[in-house]
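Note sheet for the following structure.
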Amino acid sequence: MELFYVSLLCLFVLLVSLSLHFLFYKNKSGLAGGILPPGRTGWPVVGESLEFLSTGWKGHPEKFIFDRMAKYSSTVFRTSLLGEKAAVFCGASGNKFLFSNENKLVQAWWPASVDKVFPSSSAASSSKEEAIKMRKMLPGFFKPEALKQYVGIMDHITRRHFAAGWDNKDEVVVFPLAKRYTFWIACRLFLSIEDPNHVAKFADPFDLLASGLISVPIDLPGTPFHRAIKASNFIRKELHAIIKQRKIDLAEGKASPTQDILSHMLLTSDEDGKFMAELDIADKILGLLIGGHDTASSACTFIVKYLAELPEIYEGVRKEQMEIANSKAPGELLDWDDVQKMKYSWNVACEVLRLAPPLQGAFREALADFMYNGFSIPKGWKIYWSANSTHRNEKFFPEPLKFDPSRFEGTGPAPYTFVPFGGGPRMCPGKEYARLEILVFMHHLVRRFKWEKMIPDEKIVVNPMPIPAKGLPVRLFPHKA
Ligand code: HEM
């Protein structure tokens with residue numbers, strides 16, 4: 001009898017376990033009958049974050065993607081990143097799907113680390129809502145008429161930058177200089193700060209902020225995440241003081257309503273006639289300074305690197321830029337038409353952005369359960385698109401490691417394959433601004449110098465932007481004026 005009860009109990013336990021397993025399994029699959037993309041979710045909590053981040057630290061972020069594309073599927077695989085269940089969409093069709101389904105099936109998502117470093121100041125709204133407001137406001141600042149005006153200002157700052165940081169030097173370290181360059185331009189165009197000492201005061205905390213942004217969100221003294229939060233608080237305080245002063249200057253007629261993005265933000269109301277709170281403005285300027293600073297400086301650094309390695313490409317860029325330089329009167333600033341003539345230089349810059357995209361990709365969140373390529377993607381899952389899944393894929397770019405700016409001639413790469421600025425409604429709003437500052441930088445660089453790398457095989461680290469490990473020291477050979 002006892003045996004009977006024990007057997008009954010065992011059967012009961014077995015049935016319950018099977019039902020639980022079935023329920024759990026069904027839940028895991030998300031959609032009735034659908035199967036999740038192939039892949040592995042790695043360790044509890046951290047998932048595959050360490051593999052994801054460490055391939056970048058070793059300079060090969062594409063390895064994480066390509067290893068899994070080869071092992072599981074070339075279109076989509078499952079993983080777990082930064083504490084979240086995630087699917088990585090690969091290739092041009094993955095990019096097309098995500099960029100075309102923005103706010104329908106997917107929406108932008110940032111890792112917890114980003115939300116904590118950029119907590120929304122207005123208690124009523126999330127950083128997501130704030131980003132939507134910002135998105136609506138930016139076109140005014142980045143519209144073509146505005147951009148046309150920026151070329152001369154950028155040229156003016158660029159001349160000062162080269163005079164202060166490069167001229168009369170035998171050797172320079174490029175990455176810190178490129179950061180100073182893009183930051184100086186941003187400070188001038190966003191905040192009308194032109195004094196290099198004032199710019200320098202901001203610059204250091206920005207470095208800490210950028211490197212802690214995409215990190216494991218552990219807020220303990222010494223972690224990159226902790227340092228990023230501290231830096232973000234410091235910068236916001238500084239920005240807040242600048243905003244308060246600007247309000248006074250605008251009221252007293254000492255500042256102009258159109259002089260920079262700060263005036264633009266202070267004087268633009270939303271559909272309900274409401275103006276933005278000072279702390280919100282500080283957050284938004286902070287976001288723009290981050291978005292526009294390290295990305296473009298990474299691009300400028302890799303331009304210097306590739307031009308040092310490829311003398312024939314350097315000669316092509318110099319020829320184009322010297323023709324433009326020779327068409328100008330002494331001291332005359334570059335204008336919009338000059339930049340439109342820099343076609344070869346921009347093809348070279350695009351090839352650099354293909355091989356060393358400053359942003360490796362971005363996250364989305366599934367708004368509902370949906371099917372993709374026969375696999376089910378459950379609501380709430382995070383989805384990652386990766387620039388490298390097309391940029392370094394021979395299916396889209398034959399001989400992907402070869403530096404070949406002619407890929408961008410004519411109609412250029414196929415749609416959704418060249419995506420350094422993303423695509424669809426969330427495509428980088430600073431794309432044109434970045435194009436201008438990169439081209440103005442190239443103009444002054446090749447006009448003044450030829451150079452050689454001082455560390456021939458300098459390692460590349462991607463954290464989260466790609467940079468040469470020692471900052472790219474180069475020896476300069478100035479051209480005769
Ligand atoms: C070479 C330079 C740059 C590159 C490669 C770059 C790339 C990108 C990428 C890939 C995205 C994400 C798109 C997505 O979520 O799918 C993005 C977003 C963004 N970028 Fe850029 N960017 C650059 C320069 C700039 C500049 C100069 C600014 C501002 C002046 C800027 C402001 C922004 C902003 C505000 C967003 C967020 C847009 C949104 O969420 O709707 N970026 N950028």
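The values are calculated or read from the model by the stated rules, or taken from the named source; none is laboratory data. Being a predicted model, the structure only gives us computed values, none of them experimental. Note that each Cβ is placed from the backbone with ideal geometry, even for glycine, and that neighbours are counted across all protein chains shown.
The residue pairs whose first member lies in the range 424-440 and is of a type in the set (Lys, Arg), whose second member is more than 7 Å from the ligand (Cβ to nearest atom) and modelled with pLDDT of 90 or more, and whose beta carbons are closer than 8 Å, counting only pairs six or more residues apart or on different chains, are Arg426/Phe99; Arg426/Glu102; Arg435/Val339; Arg435/Trp346; Arg435/Ala349. Of all the numbered requirements in (1) buried (at least 22 other Cβ atoms within 10 Å of the Cβ); (2) farther than 17 Å from Ser406 by Cα; (3) of a type in the set (Ser, Thr, Tyr), Ser327 misses one, and that requirement is (1). Answer yes or no as to whether Phe397 is of a type outside the set (Val, Ile, Thr) and in a loop (DSSP other than H, G, I, E, B). For Phe397, the condition - of a type outside the set (Val, Ile, Thr) and in a loop (DSSP other than H, G, I, E, B) - is met.
Criterion first (at pLDDT below 95 and either assigned to a loop (DSSP other than H, G, I, E, B) or not polar (S, T, N, Q) (or both)) does Pro358 satisfy it? Break it down into steps so the answer makes sense when it comes.
Numbers: at pLDDT below 95: no; either assigned to a loop (DSSP other than H, G, I, E, B) or not polar (S, T, N, Q) (or both): yes.
Criteria not met by Pro358.
Look at (1) touching an Asp or Glu at 6+ places or on another chain (Cβ under 9 Å); (2) at pLDDT below 95 and you find that Arg180 fails only one, number (1).
Among the residues of the range 305-337, which ones are assigned to a loop (DSSP other than H, G, I, E, B), over 15 Å from Val440 (Cα atoms) and touching a residue at least 60 places away in the same chain (Cβ under 8 Å)? Show your work before the answer.
Keep residues of the range 305-337 that are assigned to a loop (DSSP other than H, G, I, E, B), which gives 310, 327-335.
With the extra rule that they be over 15 Å from Val440 (Cα atoms), the set shrinks to 310, 327, 329-330.
Selection gives Leu310 alone.
Considering only the range 234-279, state which residues are at positive phi and of a type in the set (S, T, N, Q). Those that are at positive phi and of a type in the set (S, T, N, Q): none in the range 234-279.
All told, Ala296 meets the bar of being within 16 Å of the ligand (Cβ to nearest atom), within 25 Å of Lys148 (Cα to Cα) and at pLDDT 90 or above. Residue pairs whose Cβ atoms lie under 6 Å apart, separated by 6 or more positions or on different chains, with the first residue in the range 262-281 and closer than 17 Å to Ile193 by Cβ and the second of a type in the set (D, E, K, R) and surrounded by 13 or more Cβ atoms within 10 Å (Cβ to Cβ), are Leu262/Arg246. Set side by side, the residues Phe421, Phe449, Phe477, Phe441 differ, and just one is crowded, with 17+ Cβ neighbours inside 10 Å, of a type in the set (A, V, I, L, M, F, W, C), touching a Lys or Arg at 6+ places or on another chain (Cβ under 7 Å) and closer than 26 Å to Val339 by Cα, which is Phe421. In the range 54-88, what residues are assigned to a helix (DSSP H, G or I), surrounded by fewer than 17 Cβ atoms within 10 Å (Cβ to Cβ) and touching a strand residue (DSSP E or B) at 6+ places or on another chain (Cβ under 9 Å)? Of everything in the range 54-88, those that are assigned to a helix (DSSP H, G or I), surrounded by fewer than 17 Cβ atoms within 10 Å (Cβ to Cβ) and touching a strand residue (DSSP E or B) at 6+ places or on another chain (Cβ under 9 Å) turn out to be Trp57, Lys71. Across the range 71-89, the number of residues qualifying as more than 15 Å from the ligand (Cβ to nearest atom) and either closer than 20 Å to Tyr416 by Cα or among the basic types (Lys, Arg) (or both) comes to 9.
Of all residues in the range 415-430, those satisfying the criterion of being near the ligand (Cβ under 7 Å from one of its atoms), at pLDDT below 95 and not aliphatic (A, V, I, L, M) are Arg426, Cys428, Pro429, Gly430.
If we keep just the residues of the range 339-351 that are assigned to a helix (DSSP H, G or I) and out of contact with any Leu (no Cβ under 9 Å at 6 or more places or on another chain), which is nearest to the ligand (Cβ to nearest atom)? My answer is Cys350.
If the condition is being crowded, with 20+ Cβ neighbours inside 10 Å and away from the ligand (no atom under 16 Å from the Cβ), then the range 377-388 contributes Ile377, Trp381. For the range 389-408, a residue qualifies if it is surrounded by fewer than 16 Cβ atoms within 10 Å (Cβ to Cβ), touching a residue at least 24 places away in the same chain (Cβ under 8 Å) and closer than 18 Å to Asp67 by Cα, and the qualifying residues are Lys395, Leu401.
Checked against the criterion of being part of a helix (DSSP H, G or I) and more than 18 Å from Leu138 (Cβ to Cβ), the candidates Leu266, Leu250 yield just one match: Leu250. Quick check on Val461: is it closer than 20 Å to Ile290 by Cα, more than 16 Å from the ligand (Cβ to nearest atom) and β-branched (Val, Ile, Thr)? Considered against the rule, which asks whether it is closer than 20 Å to Ile290 by Cα, more than 16 Å from the ligand (Cβ to nearest atom) and β-branched (Val, Ile, Thr), Val461 comes out as yes. Residue pairs whose Cβ atoms lie under 8 Å apart, separated by 6 or more positions or on different chains, with the first residue in the range 348-364 and without any contact (Cβ under 8 Å) to a residue 60 or more places away in the chain and within 23 Å of Ala308 (Cα to Cα) and the second more than 6 Å from the ligand (Cβ to nearest atom) and acidic (Asp, Glu), are Glu351/Asp404.
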